[in-house]
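> Sending over a structure as C-alpha cells; questions will come in a sec.
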Amino acid sequence: MSNYVTKPIPDDKPEVKFVSRPWGTFNQYANNEDCTVSLMSVLPGQRLSLQSHTGRAELWIVIDDGAVVQVGDNIAEYKAGDEVWIPANERHRLSCNGDKPVRVLEVAFGNWQQDDIKRYEDDYTR
C-alpha cells in the first residue's frame, strides 16, 4: 500500500477567522496554507461513495439546505452555512435526498489526489 501522506494534515479543524469590513463580513477558511478547494454538487437521489482518505483531511462548508453527510457512524442533515470537519482516515459520504442538487465547498488539507481514496460502499461499482 502506498503512503499518500506527503503534506501536513491537521488533526483538528483549523480556526476559521471571522473578518468584519465596512461592507459586511467574511469567513477565512485558509490563509496562505497549502490546501485544495473544490465545489461539489450532488444531484437529487445521488450520493458519493462511502470513502476515506489517508492523505488529507477535509472541511466541508454546506452551501444548500438538505445536504446529508455521514462522518464515521453519524449521519445528519445540514443546512446552508454549516461546517463539517472530516479527519484523515475517517469514513464519510455526501448525499442529496431532496429534489434539488446540493452543493458543498470542500477545503482539503494535505495532498489531494484520487489515488488515496478507499471506498467501502459505492453505488457506481468503482
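> So how compact is the range 34-120: Cα radius of gyration and Dmax in angstrom?
12.0, 35
> At q = 0.11, 0.20, 0.22, 0.26 Å⁻¹, what log₁₀ I(q)/I(0) does a Debye calculation on the Cα points of the range 1-83 give, no solvent, two decimals?
-0.41, -1.20, -1.34, -1.49
> Rounded to the nearest 20 debye, what is the charge dipole size of the chain about its Cα centre when +1 sits on each Lys and Arg Cβ and -1 on each Asp and Glu Cβ?
Computed charge dipole of the chain: roughly 200 debye.
No lab work stands behind these numbers, since they all come straight from the coordinates. The structure displayed is predicted, hence computed values, not measured ones. Quick reminder, even Gly has a Cβ in these numbers, built from the backbone with ideal geometry, and neighbours come from all protein chains shown.
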